Amino acid sequence: MTPYVLTVDAGLKDLRGTDHLLLALAAELALPESTFGCTHLVRDERPRVALSFAVESEEVLLTTREGLTARGHVVTDGAPDAAGRAVLYPGMAHLTGTLSIAELLSRSAIDSVTVLGTTGPPAGETPVVTRDHVRPQWQGGALVLTVQPAAGGTLTPFEVPDPTPCCADH
């Protein structure tokens, strides 16, 4: 990642709301495609989800800080942690439909793919049904997508696009 990182803590408590805010802010600010936008779980006396933007230059950093501040957000330097969940990243718009692992890696900033319950990397030709929702996470400085086995020898991202809220059937 880049050293040009800003964090916004809007006090949101859910990933979906933070995802929407992050994407809306990136669009409003016309952030370049090279931008990384991540969510971070803040676990303190007031649990919540913060968001961060990592940009490629000091000029974009200053413009982004100015735009966020003008919209009433409190902005701090740096990221809350090194394990952000990437919502916005280079190539993300090209990860739709079903792609092979090799295509997924070549089209985006994702560095690697891991499959739950396995020890080795998946074969490059293995199909991934993206469900148009691909949320890799930073792990040890690399952007890693965790996937799970699915029907017909395919894989799907572990995170589903529309999760059922806890206790929805109660």
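The values are calculated or read from the model by the stated rules, or taken from the named source; none is laboratory data. On a predicted model such as this, the values are computed, not experimentally measured, just so you know. For neighbour counting, all protein chains shown are included, and Cβ atoms are generated from backbone atoms with ideal geometry for every residue, glycine included.
Some notes on this structure:
- Sole residue being among the aliphatic types (A, V, I, L, M) and more than 18 Å from PRO136 (Cβ to Cβ), chosen from LEU41, LEU22, LEU51, LEU12: LEU12
- Filter pass, GLY37 being small (Gly, Ala, Ser), touching a Phe, Trp or Tyr at 6+ places or on another chain (Cβ under 6 Å) and not in a helix (DSSP H, G or I): yes
- Residue tally, condition buried (at least 18 other Cβ atoms within 10 Å of the Cβ) and modelled with pLDDT under 95, over region 97-118: 0
- Unmet requirement for LEU61, which otherwise passes all of (1) surrounded by fewer than 19 Cβ atoms within 10 Å (Cβ to Cβ); (2) among the hydrophobic types (A, V, I, L, M, F, W, C); (3) more than 20 Å from PRO157 (Cα to Cα): (1)
- For region 65-117, the tally of residues that are in a loop (DSSP other than H, G, I, E, B) and touching a Lys or Arg at 6+ places or on another chain (Cβ under 8 Å) stands at 2.
- Within region 119-153, the set of residues being assigned to a loop (DSSP other than H, G, I, E, B), surrounded by 14 or more Cβ atoms within 10 Å (Cβ to Cβ) and of a type in the set (S, T, N, Q) comprises THR126, THR130.
- Figure legend. Inter-residue proximity from region 9-34: first residues among the polar types (S, T, N, Q), second residues part of a loop (DSSP other than H, G, I, E, B), beta-carbon distance below 6 Å, spacing 6+ or different chains. Indicated pairs: SER34/GLU56; SER34/PRO90.
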